[in-house]
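Okay, here's the structure, questions in a sec.
Every number in this text was worked out from the coordinates using simple rules, so none of it is lab data. Predicted model only: the values in this text are computed from it and were never measured. Every residue, glycine as well, gets a Cβ built from its backbone with ideal geometry; the counts of neighbours run over all protein chains shown.
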Amino acid sequence: MDSQDIDLRPTPPKLTRRALLVRGAIVAAAGLSSNLSLASSKAGTAARGSIRSAVSRTARVGGIPIYYEIHGGPLTADQTPFVLMHGGLMTIETAFAQDLLPKLSALAPTIAIESQGHGHTTDRPGPMELDQLIADLIGVMDHARVPSAHLVGHSLGALVAVEAAIRRPERVKSLTSLSGVFNLDGQVRHRDRPISTRGTL
């Protein structure tokens, strides 16, 4: 730029940690939605059939009813089910219904959970705690009488799944982490609230 030129471009606003997280979630959801729209009409039909045939239940854990659905038939002792956990700001329908849920439930019974403050599950007062999200997962598995499962988590759900596998390995037959993080070192720190590594999200 010449020294006499004036840059008229607006200065970008400073972003808070919350704004960054919300924008990131919107971008991630848009990308996931775009990928899901490429699914075949057959998968879409299977998804609608899976949603219609799902069994809806709640398990009371930590003072609130945790909503979950069972797809792909009844839970049986001879088949290890999948357990799906969605990402932040998502639900069972927006995260898994169009593609992953019908494909997995065709292989084995599949439990899909809606986390605290998402979809059909109410929120709790205070900050969201990783310890409680893990307790919610185990509580749903206990309620459904599932001794161990193939855990599949996306984003926030992946964080819960990984930590659950570390703390309760006897409850995890296999683990699939989709877009998951574990170490918080790279997170943007809010000036008034540093990131805690002790379980508060």
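Sort Ile138, Ile111, Ile70 by Cβ crowding within 10 Å, fewest neighbours at the top.
Ile138, Ile70, Ile111
Given a Förster distance of 41 Å, report the FRET efficiency between Leu107 and Arg60 from their Cβ-Cβ distance, rounded to the nearest 0.05.
That gives a FRET efficiency of 0.90.
Kindly put Ser148, Ser155, Ser53, Ser105 in sequence by how many other C-beta atoms sit within 10 Å of each C-beta, fewest to most.
Arranged by neighbour count, lowest to highest, Ser148, Ser155, Ser53, Ser105 become Ser53, Ser148, Ser155, Ser105.
Please arrange Asp123, Asp78, Asp99 by counting, for each residue, the other beta carbons lying within 10 Å of its beta carbon, fewest first.
Asp78, Asp123, Asp99
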